[in-house]
């Protein structure tokens, strides 16, 4: 449902505003198989991409499997700890979580 708002710039001119955010009853319309699968693929690439880089670097550096697992654990665990303390990727304190 679109609403019109008088912008006051020109007599009689109207601006169309954006549609409101979807409600719970609209979730079936919003979460289509295409959008859900795109989100899953994006999450898989976002989580596995850095891990593949670390694994290939560990392989090139002749690290053992245990060392590789320790590196992967420390990267993901310390990254989660930093985010929970509101630090960004380069160690600066952020004002809002998730940014």
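The values are calculated or read from the model by the stated rules, or taken from the named source; none is laboratory data. Given the structure is predicted, the values throughout are model-derived calculations rather than measurements. Note that we place each Cβ from the backbone using ideal geometry, even for glycine, and neighbour counts take in every protein chain shown.
Of all residues in segment 71-92, how many are at pLDDT below 70 and more than 23 Å from residue 55 (Cα to Cα)?
Taking segment 71-92 and keeping what is at pLDDT below 70, we get 88-91.
So of that shortlist, the ones also more than 23 Å from residue 55 (Cα to Cα) come out as 88, 91.
Total satisfying the criteria: 2.
Just one of 3, 68 is at pLDDT below 70 and either closer than 21 Å to residue 79 by Cβ or surrounded by 10 or more Cβ atoms within 10 Å (Cβ to Cβ) (or both); which is it? Lay out the reasoning, then the answer.
On the way: 68 fails: at pLDDT below 70.
Criteria check complete, one pass: 3.
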